[in-house]
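The values are calculated or read from the model by the stated rules, or taken from the named source; none is laboratory data. Given the structure is predicted, the values throughout are model-derived calculations rather than measurements. Cβ: placed from backbone, ideal geometry, glycine included. Neighbour counts: every protein chain shown. Areas reflect the complete protein model, heavy atoms only, side chains present, ligands, DNA and RNA absent. Shrake-Rupley method; radii C 1.70, N 1.55, O 1.52, S 1.80 Å.
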Amino acid sequence: MTAANGIRLVLFGPPGAGKGTQAQLLKESLGIEHVSSGDLFRHHLSNGTELGELARGYMSRGELVPDEVTIGMVIDRIGGIADSAGFMLDGFPRNTAQAQALETALLERGQRLDRVVHIQVENGELIRRLSNRYICRVCQRPYARDADTGAPPKKCADCPDGGDIYQREDDTEGAVVNRLSVYHQETAPVLEFYRQRGLLADVSGEQTIDAVHHSVLRILNVSELGAVSKS
Ligand code: ADP
Ligand code: ADP
Ligand code: ZN
């Protein structure tokens, strides 16, 4: 790692672990691009593209969209990011074929990942979080229901005109249970792929949002201001 703004990361963890939430904070701290495969798919869905139509059924059932579609979409998005700029992937890779394809595509650009941050949260807490999750229709920032009133926020705090807040149709109980089992069967094996490459760092996601953020910054060896200390 030479400059904080050039860090290349994967934020890894089950649905509801807090990847999107942490990505938002890291974007503010480090200024690197956030590449979320789920956000890219939802963008295609709301624009009614062919790719979106293909992904729709898989997404609503909580299954993985086939690699032939997913890998190209994400690698194309990374290809649009300047070589010197950093990025964090969120929701990709989700199986070892995707991890392998990512490694190959980066090597073709003379690049490697710097770190894979694994955010750990137990199933019971994931189900609680996903059933309370709401997101912004414009920027896709995740929110939670207010702990006291039980109400979701009405408008997004980050969008200029206050984007509408809605609940994802795959955050219903059936799709959530399926996503968690897909995670444990197909996605968790990717941890071993990265452990073998010495890239994996675990962090407990069962702390406050702020405490997780600080744990991640410590793992990346960067201060709040994005300065990288020599190590
Ligand atoms: P969550 O944030 O709850 O983990 P995502 O927004 O990452 O969910 O993903 C939503 C859905 O989009 C997934 O259930 C899956 O259908 C599809 N999807 C997202 N990323 C991938 C991927 N890397 N491979 C296959 N399907 C994916
Ligand atoms: P992911 O992107 O991994 O699927 P999100 O970032 O969308 O997860 O978070 C899922 C839900 O949990 C959201 O409603 C978010 O506000 C909430 N959340 C995220 N991090 C925490 C945390 N550390 N403690 C409690 N709730 C959290
Ligand atoms: Zn927004």
message: Quick test of your reading of the structure: V65 fulfils all but one of (1) open to solvent by 30 Å² or more (accessible area, probe 1.4 Å); (2) without any contact (Cβ under 8 Å) to a residue 40 or more places away in the chain; (3) under 24 Å from V176 (Cβ atoms); (4) not in a helix (DSSP H, G or I). Name the failing condition by number.
response: (1)
- line: Within the stretch 11-36, the residues that are open to solvent by 30 Å² or more (accessible area, probe 1.4 Å), away from ligand 3 (no atom under 16 Å from the Cβ) and within 13 Å of the chain's Cα centre (by Cα) are E33
message: For the list (1) within 16 Å of ligand 2 (Cβ to nearest atom); (2) touching a residue at least 60 places away in the same chain (Cβ under 8 Å), I need the number of the one condition that Q111 fails.
response: (1)
message: I'm checking my understanding of the structure. Among residues of the stretch 37-51 that are under 10 Å from the mean Cα position of the chain (by Cα) and open to solvent by 10 Å² or more (accessible area, probe 1.4 Å), which one is farthest from L199 (Cα to Cα)?
response: D39
message: So in the stretch 104-142, with the set limited to residues that are part of a helix (DSSP H, G or I), among the hydrophobic types (A, V, I, L, M, F, W, C) and closer than 29 Å to D170 by Cα, which one is farthest from ligand 3 (Cβ to nearest atom)?
response: I127
field: Number of the exception - R145 against (1) away from ligand 3 (no atom under 11 Å from the Cβ); (2) surrounded by 14 or more Cβ atoms within 10 Å (Cβ to Cβ); (3) in contact (Cβ under 8 Å) with a residue 24 or more places away in the chain
entry: (3)
